[in-house]
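Reading through the C-alpha cells given below for one structure.
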Amino acid sequence: MKGIPVLQPICCVSDVPVMQPNAAADLAATFKALADPTRVAIVNRLSTADSVCVCDLTAAFELSQPTISHHLRILREAGIADAERNAPVGPYSVDFFWRAARVAVEVDSYQWHSGPAAFKRDRRKDAYLRDHGLDVIRVSWEMLDQPLPLVARIVQAIERRTQKMLKQP
C-alpha cells in the first residue's frame, strides 16, 4: 500500500518583525519593575490621584518611608512613575504625559467620550497634539483589565520616540 506524503505544517510564522535587543531589554526592565505586587499597587494608586505624597503611600501600604522611596526609585528608573498626570499641553490637558519622550496617553471612558461631540473633541485634541510632535495613545477602560500589553505598548512608544530623538542631529 502506498503512503500519502504529508508536509509538516509551518508553525508560528509571523510578519511581525523581531524586537530589537535593546527594546526587548527595556521592556524586560519595565516588566521586572512591575513584577512586585507592592509596586503594581503603587502604580495603581499613582494613576488614580492628581498628586501623592510619600507619606500618603507609607500610610496606605503600611511600609516605611525608605521602603516606599525604594519602590518609587525602581519605578522611576523603569520610566513608569515619571509621567505627568493631567499635564497642560497648549489649550488641552493630557491624562498622562511623558514630556521628554513626547508621548501622551489619553484614557477614554464611555461617560466622557461617547457621542458625536466627544468624538469630534477627541479628534481635534489628537490632531493638535500630533501637529505639535506628540505620539498619542488612546486607551479604553476595558484595556486596563489587561495592563501588561498596554504597558508594553506605552514603553515601546517611549522607546521609539527616544531613539528618534537620539538619531536627530
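Quick test for you: out of Asp122, Asp126, pick the one residue that is modelled with pLDDT of 85 or more and touching a helix residue (DSSP H, G or I) at 6+ places or on another chain (Cβ under 7 Å). Quick ask: steps written out before the conclusion?
Numbers: Asp126 fails: touching a helix residue (DSSP H, G or I) at 6+ places or on another chain (Cβ under 7 Å).
That would be Asp122, the only listed residue that is modelled with pLDDT of 85 or more and touching a helix residue (DSSP H, G or I) at 6+ places or on another chain (Cβ under 7 Å).
I'd like the full set of residues that are in contact (Cβ under 8 Å) with a residue 12 or more places away in the chain and either farther than 16 Å from Arg99 by Cα or part of a helix (DSSP H, G or I) (or both), limited to segment 116-143.
Filtering segment 116-143 for residues in contact (Cβ under 8 Å) with a residue 12 or more places away in the chain gives 122, 125-126, 128-129, 132-141.
Within segment 116-143, Asp122, Lys125, Asp126, Tyr128, Leu129, Arg138, Val139, Ser140, Trp141 qualify.
Whether any residue in segment 146-156 is farther than 17 Å from Ala78 by Cα and not hydrophobic (A, V, I, L, M, F, W, C) is what I want to check. Walk me through it before giving the result.
Just the residues of segment 146-156 that are farther than 17 Å from Ala78 by Cα, to begin with: 146.
In the following step, the residues that additionally are not hydrophobic (A, V, I, L, M, F, W, C) were identified as 146.
Scanning segment 146-156, I find at least one residue that is farther than 17 Å from Ala78 by Cα and not hydrophobic (A, V, I, L, M, F, W, C), so the answer is yes.
Can you confirm whether segment 99-106 contains a residue that is in contact with a strand residue (DSSP E or B) (Cβ under 6 Å, 6 or more places away or on another chain), of a type in the set (Asp, Glu) and part of a helix (DSSP H, G or I)?
no
Looking at (1) modelled with pLDDT under 85; (2) part of a helix (DSSP H, G or I), which one does Asp15 not meet, given that it meets all the others?
For Asp15, the exception is condition (2).
Would you be able to tell me the number of residues in segment 57-70 that are surrounded by 14 or more Cβ atoms within 10 Å (Cβ to Cβ) and either within 18 Å of the chain's Cα centre (by Cα) or on the phi > 0 side of the Ramachandran plot (or both)?
Summing the residues that are surrounded by 14 or more Cβ atoms within 10 Å (Cβ to Cβ) and either within 18 Å of the chain's Cα centre (by Cα) or on the phi > 0 side of the Ramachandran plot (or both) in segment 57-70 gives 0.
Identify all residues within segment 59-95 that are touching a residue at least 24 places away in the same chain (Cβ under 8 Å), of a type in the set (Val, Ile, Thr) and in a helix (DSSP H, G or I); write none if there are none.
Of segment 59-95, the ones touching a residue at least 24 places away in the same chain (Cβ under 8 Å) are 63, 68, 71-72, 74-75, 77-81, 85-86, 89-92, 94.
Filter once more, keeping what is of a type in the set (Val, Ile, Thr): 68, 74, 80, 89, 94.
Of everything in segment 59-95, those that are touching a residue at least 24 places away in the same chain (Cβ under 8 Å), of a type in the set (Val, Ile, Thr) and in a helix (DSSP H, G or I) turn out to be Ile68, Ile74.
Can you tell me which residue is nearest to Gln20 (Cα to Cα) among those in segment 95-152 that are buried (at least 16 other Cβ atoms within 10 Å of the Cβ) and among the small types (Gly, Ala, Ser)?
Ala101
Results for (1) within 21 Å of Pro147 (Cα to Cα); (2) in the same structural domain as Asp131 (by TED's automatic domain parsing); (3) surrounded by 14 or more Cβ atoms within 10 Å (Cβ to Cβ); (4) at pLDDT 85 or above, shown as yes or no for each residue.
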{"position": "Pro9", "(1), (2), (3), (4)": "no, no, no, no"}
{"position": "Leu27", "(1), (2), (3), (4)": "yes, no, yes, no"}
{"position": "Arg39", "(1), (2), (3), (4)": "yes, no, yes, yes"}
{"position": "Val43", "(1), (2), (3), (4)": "yes, no, yes, no"}
{"position": "Cys55", "(1), (2), (3), (4)": "no, no, no, no"}
{"position": "Ala78", "(1), (2), (3), (4)": "yes, no, yes, no"}
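The values are calculated or read from the model by the stated rules, or taken from the named source; none is laboratory data. Quantities reported herein were computed from a predicted structural model and do not represent experimental measurements. Neighbour counts run over all protein chains shown; Cβ positions are idealised from the backbone, glycine included.
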